[in-house]
Amino acid sequence: MPSYDATSTGADRRFVKQAMSAPLLERAHELDLARRWREKGDQRALHELCTAYMRLVVAVAARFRTYGLPMSDLVQEGNVGLMLAASRFEPERELRFSTYATWWIRSCVQDYILRNWSIVRTGTTAAQKSLFFNLRRLRALLHDPSDGGLTPENRAAVAKALCVDEREVDNMCSRLSAADRSLNAPIGEQGDAEWQDLLPDDAALPEDAMMITRDRATRNAWLAEALSRLTDREKMIIHERRLGEEGVTLESLGQKLGVSKERVRQIEHQALRKLKSSLTRIVGDPEEAGLIPSV
């Protein structure tokens, strides 16, 4: 019978004992209970069905107790899976409920472990989940050390066995071998500094950020002054063709303005030359300042 560790309470042990002592169900009676719950919403039938297979929850949870999470929490998540299985079980398929419920129980327990084993999200993809729950077993079969990286041969063997990329294997090895560490943990014997003090700040320095903001505002002012010297049609074409996120085609602008796309191209070229001339008088070299492309 699966057992709890030394920290388990008397209530936990009593729960396990009751679960393991519940009478097993005959196939016909099991299907009858499932039909009564599915077709009539019979709560007593649901209770009897779930109580009989509570032993299955305990057995599945016991397989995952080595991940360091409380057994009582694993059992609770397994019970959620058992209830989900009862709500989705289809008696007309003539399957045993235990076979169907095992998948749901294991899925809920594994999802709980992935959410709570580490502060950092451990696995989100199917490949990562498969690695998380099978890497230790495969390393043991390969007689590979429990800590550190895998040898190239063993890494290739694990990747082939689980149908994943070798880089995924390396990444999961690193995650499993590194424990969570508080950013407020002191460094050294004196403890004058914390680990968070060593984290790099990728943001720009205040003076650099101020300079970038000022330069952007200055360039916008120069460009606004140059645009003010264009005609309305030239400004519209420049805005649509050069200043928008996606440049509008010459043909669509031609249809909008009632001219040919070649005429639009000529107006655009003329407007760019006027802009370059105006900006040259303002800043000297507009191309070097990044204000306008070469014409």
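The values are calculated or read from the model by the stated rules, or taken from the named source; none is laboratory data. Predicted model, so just to flag it, every value in this text is computed and none were measured. Here the Cβ positions follow ideal geometry from the backbone for every residue, glycine too, while neighbour counts run over all protein chains shown.
Here are the numbers:
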| read-out | value |
| --- | --- |
| Yes/no for Ile238 being among the aliphatic types (A, V, I, L, M) and modelled with pLDDT of 75 or more | yes |
| Members of segment 93-119 found to be over 14 Å from Asn79 (Cβ atoms), among the small types (Gly, Ala, Ser) and assigned to a helix (DSSP H, G or I), listed by number | Ser98 |
| Yes/no for Tyr100 being over 21 Å from Ala19 (Cα atoms) and at pLDDT 85 or above | no |
| Options Ala140, Ala159, Ala203; residue that is outside any helix (DSSP H, G or I) and at pLDDT below 80 | Ala203 |
| Long-range neighbours under 6 Å by Cβ, at least six apart or interchain, first residue within 21 Å of Trp222 (Cβ to Cβ) within segment 262-274, second aliphatic (A, V, I, L, M) and assigned to a helix (DSSP H, G or I) | Glu268/Ile237; Ala271/Ile238 |
| Segment 282-295: number of residues that are surrounded by fewer than 12 Cβ atoms within 10 Å (Cβ to Cβ) and at pLDDT 60 or above | 2 |
